[in-house]
Amino acid sequence: MVVQSLFPRLLHLPFFRKPTNTLFFLNPLNPKPALNPSSRPFTTLLRSTLVAPPSLEDDDADLLAAAVPQIPADRLFVPPETEFPTGDAAALSARVLKGSNIVLSKYARDAQVVQAEFVKSSVRTEDCPSDGLPEFALVGRSNVGKSSLLNSLVRRKRLALISKKPGKTQCINHFRINDSWHLVDLPGYGYAAAPQELRTDWTKFTKDYFLNRSTLVGVFLLIDASIPAKKIDLEYASWLGQNQVPMTLIFTKCDKRKKKKNGGKRPEENVQDFQELIRGFFETAPPWIMTSSVTNMGRDEVLLHMAQLRNYWLKH
């Protein structure tokens, strides 16, 4: 019975290579894993090399998605039971969600948020709601914009409290969506000003939630795309993969433009750098989406991705 309940989660899991050392994600000597066999038929469709992004004005967030290079098919996230005509590159590329590597499947339906309400806060996994509804957890480094993204998804300005002081969320917060599934706001990590004993407790109960919550469909790991990759984010992504927890990378603050003359990288460059740092350690590319809570970029794409994972989970 346990194996059966885990099976649908593992089907869309980015399989993880066992680390060879502590900083395995920074080890350039590790051999690359084999490609995901399920994506091999598409490897000749989008074989194009990564091209340089077109020139953008620093305040032109509307053109951000166009700056993302075309994605080779072996780096796309193709959900289970998704089929395309062999050799039809246009059909495949047309199904990729804007600003992501995610291919739409037949399960992408009922994605709109009609109703959202706070349910409860818990400090133990066993205290979480027991209604059996599927759920998605949002987690990320403190001040990454987690509450802002949650509010953007449900179109409510104050559903989740946005604090000027990072580290305020200290519980597992459940929000019921459309009376049919949950969004879960988890404590932020990596905020040095929080007391050490609290940081330890947060890590313990968050990881227990990841490993033992049977209704968890997937974890959405938020990464700040306005700055270079952080070691703590790389470690968190690797831990989720190593423990076979289904993960989607959500790159936030993609509206922020940093001037090249000042040495700052654009969000799409930081997104690409982060993926390169972890790519060699996953046999299939983790799904990822670029977002901005300011412009609502990626909002519909996140909801569509959640919908197809949720509907597949419910069926199986």
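Summary table
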{"quantity": "Looking only at the range 251-262, and only at residues there that are crowded, with 17+ Cβ neighbours inside 10 Å and among the charged types (D, E, K, R), the one that is modelled with the highest pLDDT", "calculated": "Lys253"}
{"quantity": "Residue selected from the range 276-304 under the condition under 20 Å from Leu153 (Cβ atoms) and of a type in the set (Ser, Thr, Tyr), by the criterion most open to solvent (accessible area, probe 1.4 Å)", "calculated": "Thr295"}
{"quantity": "Unmet criterion (only one of (1) of a type in the set (S, T, N, Q); (2) closer than 22 Å to Gly99 by Cβ; (3) over 12 Å from the mean Cα position of the chain (by Cα)) for Thr252", "calculated": "(3)"}
{"quantity": "Pick from the range 103-120, criterion of a type in the set (A, V, I, L, M, F, W, C) and farther than 20 Å from Ser152 by Cα, ranking: least open to solvent (accessible area, probe 1.4 Å)", "calculated": "Val103"}
{"quantity": "Residues of the range 213-225 satisfying the condition of being open to solvent by 10 Å² or more (accessible area, probe 1.4 Å) and in contact with a strand residue (DSSP E or B) (Cβ under 8 Å, 6 or more places away or on another chain)", "calculated": "Arg213, Thr215, Asp224"}
{"quantity": "Meets criteria (of a type in the set (Gly, Ala, Ser), part of a helix (DSSP H, G or I) and either modelled with pLDDT of 90 or more or open to solvent by less than 10 Å² (accessible area, probe 1.4 Å) (or both)) for Ala229", "calculated": "no"}
{"quantity": "Identity of the residue in the range 269-301, of a type in the set (A, V, I, L, M) and in a loop (DSSP other than H, G, I, E, B), that ends up nearest to Gly145 (Cα to Cα)", "calculated": "Val294"}
{"quantity": "Lys265, sole failed condition from (1) closer than 15 Å to Leu222 by Cα; (2) surrounded by 16 or more Cβ atoms within 10 Å (Cβ to Cβ)", "calculated": "(1)"}
{"quantity": "Odd one out for Thr248, checked against (1) in contact with a His (Cβ under 9 Å, 6 or more places away or on another chain); (2) among the β-branched types (Val, Ile, Thr); (3) open to solvent by 10 Å² or more (accessible area, probe 1.4 Å)", "calculated": "(3)"}
{"quantity": "Any hit, the range 91-100, residues being over 19 Å from Met297 (Cβ atoms), open to solvent by less than 50 Å² (accessible area, probe 1.4 Å), modelled with pLDDT under 90 and assigned to a loop (DSSP other than H, G, I, E, B)", "calculated": "no"}
{"quantity": "Condition broken by Ala237, with the remaining ones in (1) within 21 Å of Asp74 (Cα to Cα); (2) open to solvent by 40 Å² or more (accessible area, probe 1.4 Å) satisfied", "calculated": "(2)"}
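The values are calculated or read from the model by the stated rules, or taken from the named source; none is laboratory data. Fair warning: this is a prediction, and the values are worked out from it, not measured in the lab. For neighbour counting, all protein chains shown are included, and Cβ atoms are generated from backbone atoms with ideal geometry for every residue, glycine included. Just the protein is used for accessible areas: all its heavy atoms, side chains included, with ligands, DNA and RNA removed. Shrake-Rupley method; radii C 1.70, N 1.55, O 1.52, S 1.80 Å.
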